[in-house]
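J.: What follows is a structure written as structure tokens; I'll ask about it next.
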Amino acid sequence: MAYPSRWIDLADLLRLDVTQLSRIYNTLVDWLYSKHCHRLESLDQPWLAREDVEHYARAVYRRGGRYDNCWAFVDGTARPICRPGADQRDYYSGHYRLHVLKWQSIVAPDGLIVNLWGLAEGRRHDCFMLAQRNLIARLQAKNEEWGKLYCVFGDRGYVISDVVQRSFEGADLTEEEKKFNGDMASCRIVVECGIGKIGQYFAFGNYQQNSVSAFLTNCHTSVYGFVIATSISNTDSPDLERHLDKN
């Protein structure tokens, strides 16, 4: 799934023809998706117990975050596509000035992708994707389970609630508000790095393949860690066995 590997280049190396390689690849992607990619849709993970979330929140706070209960970061990601033959306006993003497909992810301080949702048309706002996954209600339910009010942090594209906080916006910010935004931005960069790692190791993928790529990226992070995330949060990811624990 690394890009730009091509079947024709791999055929000689693996001594298989292009058709065989394609069938093997698609079969493996289908199996991984059906077996493991529910882990990116559910917040009920074996490595997201109360003590784990508290550990994440403390790591963010130690880094300079302004909240002692912020345990992860939420952000939308756009992937450019060719100009579609139909519904071009739906897929056009005025922000990027491109036709794109959008994803939304929640990433923990150690670089693990906790939740991934897509696809959304390029014209859709981050708040739309948040609502589509009913994420606020799901986070509120997890807080009841954890017995404490925790929140995730996003950029100015999100609406503030008890479980989602965001940066200050406006042209006339006070010095304190600017400092707040800078402190949280230095922590929030982990979400961009976490999603960027997918493109670094598993760039090739459509909707199903992108979910598989995110799952494999989490496996890679569990085994090898993530230098950027570790330097930011000074926290290690759960080991692979725990990450893959049946849930």
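The values are calculated or read from the model by the stated rules, or taken from the named source; none is laboratory data. None of these values were measured; they are calculated from a predicted model. Methodologically, a virtual Cβ is constructed for each residue, glycine included, from the backbone with ideal geometry; neighbour enumeration extends over all protein chains shown.
J.: If Arg188 satisfies every condition in (1) crowded, with 19+ Cβ neighbours inside 10 Å; (2) modelled with pLDDT under 75; (3) of a type in the set (Lys, Arg) but one, which is the exception?
T.: (2)
J.: Restricting to the range 165-180, name every residue that is surrounded by fewer than 17 Cβ atoms within 10 Å (Cβ to Cβ) and within 17 Å of Tyr67 (Cα to Cα).
T.: Phe168, Glu176, Glu177, Lys178, Lys179, Phe180
J.: Can you name the condition, by its number, that Ile189 falls short on among (1) touching a residue at least 60 places away in the same chain (Cβ under 8 Å); (2) closer than 20 Å to Arg62 by Cα; (3) not small (Gly, Ala, Ser)?
T.: Only one criterion is unmet by Ile189, namely (1).
J.: Can you confirm whether Tyr61 is outside any loop (DSSP other than H, G, I, E, B) and within 19 Å of the chain's Cα centre (by Cα)?
T.: no
J.: Next question. Among (1) within 21 Å of Trp103 (Cα to Cα); (2) in contact with a Gly (Cβ under 9 Å, 6 or more places away or on another chain), where does Arg50 come up short?
T.: All conditions pass for Arg50, except number (1).
J.: Please verify whether His38 is without any contact (Cβ under 8 Å) to a residue 40 or more places away in the chain, under 21 Å from Leu139 (Cβ atoms) and either surrounded by fewer than 18 Cβ atoms within 10 Å (Cβ to Cβ) or aromatic (Phe, Trp, Tyr) (or both), treating the condition exactly as stated.
T.: yes
J.: Which residues, counting only those in the range 66-97, are modelled with pLDDT under 90, of a type in the set (A, V, I, L, M, F, W, C) and within 22 Å of the chain's Cα centre (by Cα)?
T.: Across the range 66-97, the qualifying residues are Ala78, Ile81.
J.: Which pairs do you get when a residue that is farther than 16 Å from Asn218 by Cβ and without any contact (Cβ under 8 Å) to a residue 12 or more places away in the chain, found in the range 41-59, comes within reach of a residue that is β-branched (Val, Ile, Thr) and part of a helix (DSSP H, G or I), reach meaning Cβ atoms under 8 angstrom, with the pair 6+ apart or on two chains?
T.: Every condition considered, no pair remains.
J.: Would you pick out the residues in the range 165-191 that are closer than 17 Å to Asp126 by Cα, assigned to a loop (DSSP other than H, G, I, E, B) and among the hydrophobic types (A, V, I, L, M, F, W, C)?
T.: Phe168
J.: Has the range 132-149 got any residue that is closer than 19 Å to Val100 by Cβ and at pLDDT below 85?
T.: Yes.
J.: Run down Leu16, Leu10 and say which single residue is in a helix (DSSP H, G or I) and either without any contact (Cβ under 8 Å) to a residue 60 or more places away in the chain or not basic (Lys, Arg) (or both).
T.: Leu10
J.: Are any residues in the range 49-67 surrounded by 12 or more Cβ atoms within 10 Å (Cβ to Cβ), of a type in the set (D, E, K, R) and over 15 Å from Val191 (Cβ atoms), and if so, which ones?
T.: Arg50, Asp52, Glu54, Arg58, Arg62, Arg66
J.: Within the range 197-233, restricting attention to residues that are farther than 11 Å from Gly111 by Cα and in a loop (DSSP other than H, G, I, E, B), which residue is modelled with the lowest pLDDT?
T.: That would be Asn206.
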